[in-house]
Ligand SMILES: *[C@@H]1O[C@H](CO)[C@@H](O)[C@H](O)[C@H]1NC(C)=O
């Protein structure tokens, strides 16, 4: 190797000029350019010759190569490589040269590299070691009840970007829900249902949030529940759609008496469900029969009926009585009366009416109507129920009490309480008679029963 080459190597000895901070507190505006030193006056110092001013780069360094060696770092032709400290970015020329006009060939500064300010996350927070500067480490935490998903820490990298991705705080814990206890209730008296109430379930979420979105599947509290089992379900979702559910049972029991039976030749009409606690049954007898015993029985709480079962016995009309009252009393609350009166058998109205009544017998009997005939004038006066004769004094009293004339044909319809409800002065068809009874005299229950037996007389 030649001596000359060795000398050249020596001339290339690296001379480093370390940057100095200018001492500004504000990192954002503190950039340091390679600035010309205005106070500089070139000096002809041949031991340490300076052509350009000494390079100074804040937060960075200049590495200069002088063709004349390490001590000649500001001489003409010196070339400097400029670089910034870790965490700083170079703005401007990466290398400058000392030029004949005693200036460096360009300007350069180092700017601090910053990451952007990390956004806040829902239900969590973070704290950073050095704000948004390079190498700052930010640690995330979640609020109580939330779990972190994603990167727990992020670091500001050299390039001014954060490592990793933003984590999320999610609610993984389902809420808790507690239903009220199951319950058994008895149906209200006279009903198969009862109102059942309860307090709404107690709901808690691990996050402490108030959960309003509780849904009920089943009947509302305070509504009427029918006999049997009812499952009441509640469910709730927290904000993260974690679900919790609970259920309980409402059972309604109906206390029942033995099923009541209709008596022979009679029938029953009952309220409610026939034999549940509080049901009332009414006993009725068919046409031509009368009830012996109570009319109504009630199903008691102890599952037994009040009173004994009544019976229906054949209705016996005693015509061998001496007063109209004694005769009428026998029909009281049992049967209706149609009293037909005529001065003689040959009366045209009577003949026609008699013919029609024969035809209507069955329908009238179904409607609990008994026909009494008052025929002729004294002394050949006749009073009869079918073929059974009445005493003359009874006939007389009936005419007086009901103001029935002997002079002409007439008819009087009495209800089951003996009250005069309709009068007729001319013959009336069976259809019209039945219509009157059905419309004005029948009780609702009787009418329903009659409708079921419409073809009974055909
Ligand atoms: C049910 O209660 C009624 C009235 O309180 C009472 O007369 C009857 O004896 C009771 N029946 C039974 C089977 O306990």
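The values are calculated or read from the model by the stated rules, or taken from the named source; none is laboratory data. Keep in mind the model is a prediction, meaning the values are calculated, not measured. In this analysis, Cβ positions are derived from the backbone assuming ideal geometry, glycine residues included, and neighbour counts consider all displayed protein chains.
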- Query: Which one of the conditions (1) within 16 Å of the ligand (Cβ to nearest atom); (2) in contact (Cβ under 8 Å) with a residue 60 or more places away in the chain does residue 271 fail to meet, given that it meets all the rest?
  - Reply: (1)
- All but one of (1) more than 22 Å from residue 334 (Cα to Cα); (2) part of a strand (DSSP E or B) hold for residue 413; which doesn't? (1)
- Query: If you check 232, 249, which single one turns out to be outside any loop (DSSP other than H, G, I, E, B), surrounded by 15 or more Cβ atoms within 10 Å (Cβ to Cβ) and at pLDDT 90 or above?
  - Reply: 232
- Query: Which of the residues that make up region 368-409 are touching a residue at least 60 places away in the same chain (Cβ under 8 Å), closer than 28 Å to residue 443 by Cβ and surrounded by fewer than 21 Cβ atoms within 10 Å (Cβ to Cβ)?
  - Reply: 385, 401, 402, 404
- Message: Looking at 237, 289, 277, can you tell me which residue is over 31 Å from the mean Cα position of the chain (by Cα), under 28 Å from residue 181 (Cα atoms) and surrounded by 15 or more Cβ atoms within 10 Å (Cβ to Cβ)?
- Response: 277
- Please work out if residue 154 is outside the structural domain of residue 277 (by TED's automatic domain parsing), part of a strand (DSSP E or B) and closer than 30 Å to residue 235 by Cβ. no
